[in-house]
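This report refers to the structure that appears directly beneath it.
The values are calculated or read from the model by the stated rules, or taken from the named source; none is laboratory data. These figures come from a predicted structure and were not determined experimentally. When we count neighbours, we look across all protein chains shown, and the Cβ atoms used for this are built from the backbone with ideal geometry, even at glycine. In case anyone asks, the SASA skips ligands and DNA or RNA and just uses the protein heavy atoms, side chains included. Shrake-Rupley method; radii C 1.70, N 1.55, O 1.52, S 1.80 Å.
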Amino acid sequence: MLLKEGGSRKPSADSSGKFNILGPVGSLGRQDLVKLLEASVVHRDGVLVAITKPPGLPVIGKPGDVTLVSLLPDLSQKLGFSQDVQVIKAPGKESSGLVLLSDCPSTVQHFQEFYVRCRKRRHPAATYCAVTTRLPADSEGEIYTGLKLIYREDSELVVPVASPSRGSLQRKEVKNTLTRYKVLDSQDNCALVQLQPLTAFPYQLLVHLTLILSPVLGDHVYSSRVGTVLGEPFLLPAESTPPRTQVLDEALLRRLHLQQPHVHRLPLHLHLHQLLLPAASSSSSVLTAPLPPYFLQTLCLLGLSLPTKQTTQRHSKHLP
């Protein structure tokens, strides 16, 4: 599902007067997607362009799939680039947020080396915002665990490994991962959470948030690992818990003006909000992508707000 970025920051209402955070069902056509991405430029500095990606658009995929990379030739022409544009940084398929593009090989290499140095030095380069269906027990902290990929029924899933063996780490079957988090606002057991991954692993943030019993709203894969008994959350075994459409409690459904049969249309509320840049690349060392309309609508419905003059990146004076 793809949702349009841009437009009014105020929540929209449907014909019944109720807020609608689901948006249209189905994918937009190629030309509509190109227009959407062209209109989503948030920064341009010489050979570097930053756009915002809608949720549901994968960066890469199988031949014939509509992906960000498959749209680059048309988008490059619109943006006045050469045909050799490369993606430097982008969020995952179901996430929204910042995408860095360049048609300059040396710029691409410079940025990629910069982000590798950030990871090696455990220096946060990316800041995400997420809406969680439960309030984390601690207002801030770090989530550290091993992660590995497993295959179930032709699908790839990520499962945590609490105490990976040295051999599994050396064979790269398991990777130790780390995420910093901070609750920015909370209301009635829901939260707006800031996330800074200090390692890179597929679906790291979604899996990490399940480990603190606070799944991301719209997570229809990993949220099933958090069960409830008498209203209290508990963790189900990851390897034996299949993905399913997220199940929301009745109170949350009412606040979102939703019914459970419609929840499968709910987009993932995980947004790549800020990216750190190498100091010499721009007058500003941090790029910010505004929260998309559906995300803002959800915040309004839940009574959550992003702090004003947010300073999520507090390290610009200590760049790697």
Being of a type outside the set (D, E, K, R) and either modelled with pLDDT of 95 or more or touching a Lys or Arg at 6+ places or on another chain (Cβ under 6 Å) (or both) narrows Leu184, Leu230 down to just Leu184
Just one listed residue, out of Leu37, Leu72, Leu79, Leu57, is within 20 Å of Gln112 (Cα to Cα) and surrounded by 14 or more Cβ atoms within 10 Å (Cβ to Cβ), and it is Leu72
Answer residue from the stretch 100-120, given it is in contact with a strand residue (DSSP E or B) (Cβ under 8 Å, 6 or more places away or on another chain) and touching a residue at least 60 places away in the same chain (Cβ under 8 Å) and is farthest from Arg44 (Cα to Cα) among those:
Cys118
So which pairs qualify, if the first residue must be in the stretch 129-146 and closer than 17 Å to Val207 by Cβ and open to solvent by 20 Å² or more (accessible area, probe 1.4 Å), the second must be of a type in the set (Lys, Arg) and assigned to a loop (DSSP other than H, G, I, E, B), the Cβ gap must be under 9 Å, and the two must be at least 6 apart or on different chains?
none
Only listed residue being out of contact with any helix residue (DSSP H, G or I) (no Cβ under 8 Å at 6 or more places or on another chain), free of Cβ contacts under 8 Å to residues at least 24 places away in the same chain and farther than 30 Å from Val49 by Cα, chosen from Ser240, Ser214
Ser240
Would you mention how many residues in the stretch 101-139 are farther than 30 Å from Pro293 by Cβ and in contact with a Pro (Cβ under 7 Å, 6 or more places away or on another chain)?
6
